[in-house]
Amino acid sequence: MGEVAHDQYSNSELALLQNSDASSKPPLSPLIIHIDPSSKFEGGHLSLSNSDPSCLITQQQDQQFPKDAWLPITESRNGNAYYAAFHILNTNIGFQALMLPVAFSTLGWAWGSVSLSFAFVWQLYTIFLLVRLHESVPGIRHSRYLFLAMAAFGKRLGKVATLFPVMYLSGGSCVMFIITGGGTMKLLFKTLCNNDLGSETCNAHSLSGVEWFLVFTCVAILIAQLPNLNSMAAVSLIGGVTAITYCTLFWTLSVKKGRPPGVSYTTSLSQDHHRSSVANINDIVNAIGIIVLTFRGHNLLLEIQGTLPSNLKETSKEPMRRGVCVSYILIAMCVFPLAIVGFWAYGNQIHGGLLTAFPQFHRQQVTKFTMGAMYILVIIHCLSSYQVYAMPVFDNLELRYTSIKNQRCPRLVRTCFRIFFGGLTFFIAVTFPFLPSLSALLGGMTLVPVTYAYPCFMWLAIKKPRAKGAVWCFNLALGCLGMLLGALLVAAAIRTLAVTGLKANFFKP
């Protein structure tokens, strides 16, 4: 009878394991999960004798799909709420927040604050949806965003909808870190080697842009040799601390040094009364895009939760919620002052964000040590974030290897994979150093759906709330609004590129 039951469930089990890293939804194959010899199948269902069902499910939780223990995301599941908070801080806050005053210069105080608050609450809501969907069915864990989408939308539609966005948000973000980190290294060298008059004070010659990119990539590859995501907790802690520190330094020093002369809070929309309505709408959408693209990291949330332990009595939801709450209190303490104080300090004179505006207006008022320290903090944060954002790509490469070889990825092969990925991102960064100019276009196609729309649709598909009820309508409306917002951002970015043009400096960072 056990063989009959195994045949009945083997097909569904294989389909499940293709979309999830868990294998503990009873009843499953005895080949994957140890079945108590005292148990037996009766009428196609597992019958227990002299055993507690909760104990069996706990055993099943411990006996995961074997290949899952070979992959870097789920290789170690002994994380905790602190580790989760470290990873979230490291990945969900960054140099994009330094662009928020630019959005306020278009939207003004009122609409800028409303838009920022709405985006913050919206993305925080979708985070909690993902946290609950990670273990939407007791015993089944979706530790990868792509697998959750495939479970919700179906294998084909899930791949079509999320494969490119998730891979871009991992690999593309790493390219952005190389461009930003390498460029900041160049600024650091220039700051340390120039005196107040702008002349060189050291005999060393600055490296070229390509060489600075290479230096950053080599350091990133060296750190990337840590085996799995859980082992990156200390790196994420350093990244989170540096992100909070430089964000705080930017807005506190902007207040301390005072506003430059001629600061005005007249928005760019009201300065030129001869602009067309289309141009004004385009600027508004671009400003909203800066705000919504500030919040990121949703494509890594399920992976981070996958490092936490879970069993029938204590799932990973509660420690993940605590990690999210702690980290987002700190993120809010960074993001809102950056936007409000940054606009107060520079008004409509800010162009290019605080990373550009602060040294432009206050270079003579701050010491070389202070500017150098701020640049170093940005570099360290870029290096730390690179590790976590690269992890889904490492995981996918090793998944292909283990699927073909049916064995754990050797250390040498794992190292080669990571060197290959580092080299690939370096090549893309050198080839397309203007990629940040396309961030609004690519973000509208990838980050906005993944962050603001897909979690709502996945909640509807998996949880199936009452049709046309309040929860159903609310999530459907949010999901549709997220897709509409992404389409508007793409259209606005295309128009902006058509009007202003694109400086395509291939191979010339």
Based on what the data block shows, is Ser47 in contact with a Lys or Arg (Cβ under 7 Å, 6 or more places away or on another chain), more than 18 Å from His298 (Cα to Cα), modelled with pLDDT under 95 and hydroxyl-bearing (Ser, Thr, Tyr)?
-> yes
Taking the options Thr162, Thr191, Thr106, name whichever one is assigned to a helix (DSSP H, G or I), over 24 Å from Ala440 (Cβ atoms) and polar (S, T, N, Q).
-> Thr191
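Quick check on my filter: what residues within region 78-111 are small (Gly, Ala, Ser) and closer than 21 Å to Ser385 by Cβ?
Applying the first criterion (small (Gly, Ala, Ser)) to region 78-111 yields 79, 81, 84-85, 94, 97, 103, 105, 108, 110.
Once the filter is applied, which keeps residues that are small (Gly, Ala, Ser) and closer than 21 Å to Ser385 by Cβ, region 78-111 yields Gly79, Ala81, Ala84, Ala85, Gly94, Ala97.
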Taking Ile380 and the conditions (1) closer than 23 Å to Val450 by Cα; (2) modelled with pLDDT of 95 or more, which numbered condition does it fall short on, given that it satisfies the others?
-> (1)
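Per-residue answers, yes or no, for (1) under 18 Å from Tyr386 (Cβ atoms); (2) surrounded by 20 or more Cβ atoms within 10 Å (Cβ to Cβ); (3) at pLDDT 90 or above; (4) within 19 Å of the chain's Cα centre (by Cα):
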{"position": "Ser206", "(1), (2), (3), (4)": "no, no, no, no"}
{"position": "Ala224", "(1), (2), (3), (4)": "yes, yes, yes, yes"}
{"position": "Gly239", "(1), (2), (3), (4)": "yes, yes, yes, yes"}
{"position": "Leu253", "(1), (2), (3), (4)": "no, no, yes, no"}
{"position": "Asp272", "(1), (2), (3), (4)": "no, no, no, no"}
{"position": "Ala287", "(1), (2), (3), (4)": "no, yes, yes, no"}
Evaluate region 123-137: report whether one residue or more is closer than 18 Å to Gly353 by Cβ and open to solvent by less than 10 Å² (accessible area, probe 1.4 Å).
-> no
Residue that is farther than 30 Å from Val121 by Cα, in contact with a Leu (Cβ under 9 Å, 6 or more places away or on another chain), part of a helix (DSSP H, G or I) and not aromatic (Phe, Trp, Tyr), where the choices are Thr402, Thr425 | Thr402
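Across region 360-380, which residue is nearest to Val255 (Cα to Cα) among those that are in contact with a Ser or Thr (Cβ under 8 Å, 6 or more places away or on another chain) and not aromatic (Phe, Trp, Tyr)? Break it down stepwise before answering.
Step one: list which residues in region 360-380 are in contact with a Ser or Thr (Cβ under 8 Å, 6 or more places away or on another chain), which gives 362, 368, 371-372, 375, 377-380.
Okay, now just the ones that are also not aromatic (Phe, Trp, Tyr), so 362, 368, 371-372, 377-380.
Details: His362: 11, Lys368: 19, Met371: 16, Gly372: 19, Leu377: 20, Val378: 20, Ile379: 24, Ile380: 25 Å.
This residue is His362.
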Only unsatisfied item for Lys186, checking (1) open to solvent by 60 Å² or more (accessible area, probe 1.4 Å); (2) closer than 24 Å to Val326 by Cβ, is (2)
Looking at Thr184, Thr191, which is the one that is among the polar types (S, T, N, Q), within 30 Å of Tyr82 (Cβ to Cβ) and more than 16 Å from the chain's Cα centre (by Cα)?
-> Thr184
Of the conditions (1) touching a helix residue (DSSP H, G or I) at 6+ places or on another chain (Cβ under 7 Å); (2) within 29 Å of Glu314 (Cα to Cα), Lys159 fails just one. Which one is it?
-> (2)
Flag for Gly372 being surrounded by 17 or more Cβ atoms within 10 Å (Cβ to Cβ) and either among the small types (Gly, Ala, Ser) or touching a residue at least 24 places away in the same chain (Cβ under 8 Å) (or both) | no
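One line per residue, one yes/no per condition, for (1) open to solvent by less than 50 Å² (accessible area, probe 1.4 Å); (2) modelled with pLDDT of 95 or more; (3) in a helix (DSSP H, G or I); (4) under 14 Å from Asn92 (Cβ atoms):
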{"residue": "Pro309", "(1), (2), (3), (4)": "no, no, no, no"}
{"residue": "Lys313", "(1), (2), (3), (4)": "no, no, no, no"}
{"residue": "Met320", "(1), (2), (3), (4)": "yes, yes, yes, yes"}
{"residue": "Cys325", "(1), (2), (3), (4)": "no, yes, yes, yes"}
{"residue": "Leu330", "(1), (2), (3), (4)": "no, yes, yes, yes"}
{"residue": "Val335", "(1), (2), (3), (4)": "yes, yes, yes, yes"}
{"residue": "Ala345", "(1), (2), (3), (4)": "yes, no, yes, no"}
{"residue": "Asn348", "(1), (2), (3), (4)": "yes, no, yes, no"}
{"residue": "Leu355", "(1), (2), (3), (4)": "yes, no, yes, no"}
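Considering each residue of region 274-285, count those that are open to solvent by 30 Å² or more (accessible area, probe 1.4 Å) and at pLDDT 85 or above, and give that number. Step through it out loud before you land on a result.
So in region 274-285, the residues open to solvent by 30 Å² or more (accessible area, probe 1.4 Å) come out as 274-278, 280-281, 283-284.
If we keep only those that are at pLDDT 85 or above too, we end up with 276-278, 280-281, 283-284.
Of the residues in region 274-285, 7 are open to solvent by 30 Å² or more (accessible area, probe 1.4 Å) and at pLDDT 85 or above.
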Only one of (1) open to solvent by less than 50 Å² (accessible area, probe 1.4 Å); (2) outside any helix (DSSP H, G or I); (3) closer than 26 Å to Leu226 by Cβ is not met by Pro433, so which one is it?
-> (3)
Restricting region 451-509 to residues that are in a helix (DSSP H, G or I) and of a type in the set (S, T, N, Q), the one surrounded by the most Cβ atoms within 10 Å (Cβ to Cβ) turns out to be Thr451
When region 422-439 is checked residue by residue, the ones that are over 15 Å from Ser170 (Cα atoms) and either in contact with a Cys (Cβ under 9 Å, 6 or more places away or on another chain) or polar (S, T, N, Q) (or both) are Thr431, Ser437
Among what's in region 96-120 and is more than 10 Å from Ile350 (Cα to Cα) and β-branched (Val, Ile, Thr), pick the residue that is least open to solvent (accessible area, probe 1.4 Å).
-> Thr106
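Please work out which residue is surrounded by the fewest Cβ atoms within 10 Å (Cβ to Cβ), limiting yourself to region 226-237 and to residues that are assigned to a loop (DSSP other than H, G, I, E, B) and of a type outside the set (A, V, I, L, M).
To start, the set of residues in region 226-237 that are assigned to a loop (DSSP other than H, G, I, E, B) comprises 226-229.
Those left that are additionally of a type outside the set (A, V, I, L, M): 227-228.
Details: Pro227: 13, Asn228: 17.
Ranking the qualifying residues of region 226-237, first place goes to Pro227.
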Restrict the check to region 395-403 and report whether at least one residue is closer than 18 Å to Pro227 by Cβ, in contact with a Phe, Trp or Tyr (Cβ under 7 Å, 6 or more places away or on another chain) and without any contact (Cβ under 8 Å) to a residue 24 or more places away in the chain.
-> no
Check off (1) under 21 Å from Ser231 (Cβ atoms); (2) out of contact with any Phe, Trp or Tyr (no Cβ under 6 Å at 6 or more places or on another chain); (3) surrounded by 18 or more Cβ atoms within 10 Å (Cβ to Cβ) for Arg411 and give me the number that stays unchecked.
-> (3)
Tell me which of these Lys508 doesn't satisfy, since it passes every other one: (1) in contact (Cβ under 8 Å) with a residue 60 or more places away in the chain; (2) under 25 Å from Ala287 (Cβ atoms).
-> (2)
For Phe361, all conditions in the list (1) in a helix (DSSP H, G or I); (2) open to solvent by less than 40 Å² (accessible area, probe 1.4 Å); (3) at pLDDT below 95 hold save one; what is the number of the exception?
-> (2)
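The values are calculated or read from the model by the stated rules, or taken from the named source; none is laboratory data. Small disclaimer: the values here were computed from a predicted structure and weren't measured. Neighbour counts run over all protein chains shown; Cβ positions are idealised from the backbone, glycine included. Heavy atoms of the whole protein, side chains included, go into the accessibility calculation; ligands, DNA and RNA do not. Shrake-Rupley method; radii C 1.70, N 1.55, O 1.52, S 1.80 Å.
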